[in-house]
Amino acid sequence: QVQVMESGGGLVQAGESLKLSCTTSDLTFAHTAMAWFRQAPGKEREGVVGQDTNGYTHTADSVKGRFTISEDNAKNTLYLQMNNLTSDDTAIYYCVADWEVGAGTWYEPDEYTYWGQGTQVTVSS
């Protein structure tokens, strides 16, 4: 069983930054499709930033220019850098992964088999 683990959430004030980390327990699970999703109270899960099987990065319009992903292949770690946070970014953030996800479906939660437990990001005014 592949374990996906994310960390780095917390409570910050508007305008501040956070960097989330995601890693997998199985080092053979590399070069796969990975993404960050989030779910705010009363809202559907939405894809935030993702990297499909072919390595293309996709970013939701709501976070473009503020959120970016990077990776450290040696550590099998995916990072989500979140800058200029606002209260609208408050949500539980999930790291997700699967063996194969195409560019046209990266934002669909059902495309991903492996999910982390979620990390809470709360942005206060």
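Taking a quarter of the surface of the Cα convex hull of the chain gives a mean projected area of 7.0 nm².
Of Gln39, Thr113, Ser87, whose Cα points farthest to the positive end of the dipole of the chain (charges on the beta-carbon: +1 Lys, Arg; -1 Asp, Glu; origin at the Cα centre)? Of the listed residues, the answer is Ser87. Computed in the context of the full set of protein chains, the accessible area of the chain at 1.4 Å probe radius has 45% of its extent on carbon or sulfur.
Can you tell me how much longer the chain between Ser7 and Thr57 gets when fully stretched, taken as 0.36 nm per residue apart minus their C-alpha distance, in nm with one decimal?
Working: separation 50, 0.36 × 50 = 18.00 nm, distance 2.09 nm.
My answer for the length gained is 15.9 nm.
Only Lys, Arg, Asp and Glu count, each charged at its Cβ (+1, +1, -1, -1), so figure out the dipole size of the range 25-125 about its Cα centre, rounded to 20 debye.
That gives a dipole near 380 debye.
The GNM of the chain, with springs linking C-alpha atoms under 10 angstrom apart, assigns the highest mean-square fluctuation among Val96, Val12, Val48 to Val12. Averaged over its residues, the range 36-103 has an accessible area of 51 Å² per residue, based on protein heavy atoms and a 1.4 Å probe. Relative contact order of the chain, taken over Cα pairs closer than 8 Å and 6 or more residues apart, is 36 percent. Residue order by solvent-accessible surface for Asp26, Asp52 is Asp26, Asp52, largest first, with ligands and nucleic acids left out and a 1.4 Å probe. Our estimate of slack between Lys64 and Gln117, defined as 0.36 nm per intervening residue step minus the Cα-Cα distance, is 16.6 nm. Computed extension length for Lys75-Ala103: 7.6 nm, one decimal, from 0.36 nm per residue of separation with the Cα-Cα distance subtracted.
Considering the options Thr68, Gln1, Gly50, tell which one lies farthest towards the positive end of the dipole of the range 1-79, charges being +1 on Lys and Arg and -1 on Asp and Glu at the Cβ, about the Cα centre. So the residue we want is Thr68.
The values are calculated or read from the model by the stated rules, or taken from the named source; none is laboratory data. It should be emphasised that the depicted structure is a prediction, and the values quoted were computed from it without experimental measurement. Neighbour counts are summed over all protein chains in view; Cβ atoms, including those assigned to glycine, are modelled from backbone coordinates with ideal geometry. Only protein heavy atoms, including side chains, enter the accessible area calculation; ligands, DNA and RNA are left aside. Shrake-Rupley method; radii C 1.70, N 1.55, O 1.52, S 1.80 Å.
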